[in-house]
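Just so it is clear, none of the values below were taken in a lab; they were calculated from the coordinates. Treat the numbers as computed from the prediction; the structure is a model and nothing was measured. Cβ atoms come from the backbone with ideal geometry, glycine included; neighbour counts cover every protein chain shown.
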């Protein structure tokens, strides 16, 4: 089954099996460990997507996001203190108007994202679109609503979730998630375009060499791309 196939005229109630609940506990326990690393340092990370909503599967990603402005080397210091030193780094800007971000991939299913330029309101709403939770919510087994890549709204229940297609229900979804209708329509159009044409690339992607500092990589990018210089001035 294609988990990302856009669904239309869809409504369903999903009851989680014991196997699903065990996997959810396992994924959330690992998420709690990763979030705790940063909370102990006075930061406010969150995770978003299926881990926050509960509709996980075996290959669900654990994405940790920090929206605070923090020197990237401090993140690497925190990782090193926790025995994490084998990871891959990329600087990514999804579109010309998007926030410049650093992605640190701990493995195929775990990543950390921090902003290298200022998050605007639309960029922050992106995480609300998919559903986001902090450490306290994870510790208290709280799941939150959000929209998945099928354009399906996931509303958690104590033993599963209700789901419905947001196509034709955009205003309802926006109200329930407390995000703008513009954001809902933008994400809907992106995912419908992806369904039609396949996944497209990002505007800017720069892998960082193992011996290269993030600061040096940014300087190199900024010397070549005026849009990067502009974004960095906004920090």
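Return one number: the angle in degrees, 0 to 90 and rounded to the nearest 10, between the long axis of the Cα atoms of helix 181-197 and the longest principal axis of the Cα atoms of the chain.
Taking the Cα atoms of the chain, the angle to 181-197 is about 90 degrees.
For residue 172 and residue 213 in the same chain, what is the full-extension length gain: residue separation times 0.36 nm, less their Cα-Cα distance, in nm?
Extending this stretch completely gives an extra 10.3 nm.
Starting from the Cα-Cα distance between residue 59 and residue 122, subtract it from 0.36 nm times their residue separation and give me the gain in nm to one decimal. Write down the numbers at each step before the final one.
Details: separation 63, 0.36 × 63 = 22.68 nm, distance 2.76 nm.
Roughly 19.9 nm would be gained on extension.
Put a dot 7 Å past each Cα toward the Cβ at residue 205 and residue 193; how far apart are the dots in nm?
Distance between the two pseudo-spin positions: 1.6 nm.
Please arrange 124, 177 by how many other C-beta atoms lie within 10 Å of their C-beta, fewest to most.
124, 177
Arrange the following residues from fewest to most other Cβ atoms within 10 Å of their Cβ: 67, 47.
On the way: 67 19, 47 26.
Going from sparsest to densest Cβ surroundings: 67, 47.
With labels modelled as points extended 7 Å from the Cα through the Cβ direction, what inter-label distance (nm, one decimal) is found for residue 29 paired with residue 105?
Roughly 2.7 nm, to one decimal.
Does anyone have the angle between helix 121-130 and the longest principal axis of the chain? Alpha-carbon axes, 0 to 90°, nearest 10?
The two axes meet at around 40 degrees.
If you take the beta carbon distance between residue 155 and residue 223 as r and set R0 to 41 Å, what does 1/(1 + (r/R0)^6) give as a FRET efficiency, to the nearest 0.05?
My answer for the efficiency is 0.30.
Using a Gaussian network model of the chain with C-alpha springs under 10 Å, which one of 144, 202, 39 is most mobile by mean-square fluctuation?
Sorting by GNM fluctuation, first place goes to 202.
Any idea what angle helix 18-39 forms with the longest principal axis of the chain, computed on alpha-carbon atoms, 0 to 90 degrees, nearest 10?
The two axes meet at around 30 degrees.
Can you sort 53, 122 by how many other beta carbons sit within 10 Å, fewest first?
122, 53
Please work out the Cα center distance from segment 63-135 to segment 138-184, rounded to the nearest Å.
23 Å
With the crude spin-label approximation of a point 7 Å out along Cα→Cβ, what separation in nm comes out for residue 180 versus residue 69?
That separation, rounded to one decimal, is 2.1 nm.
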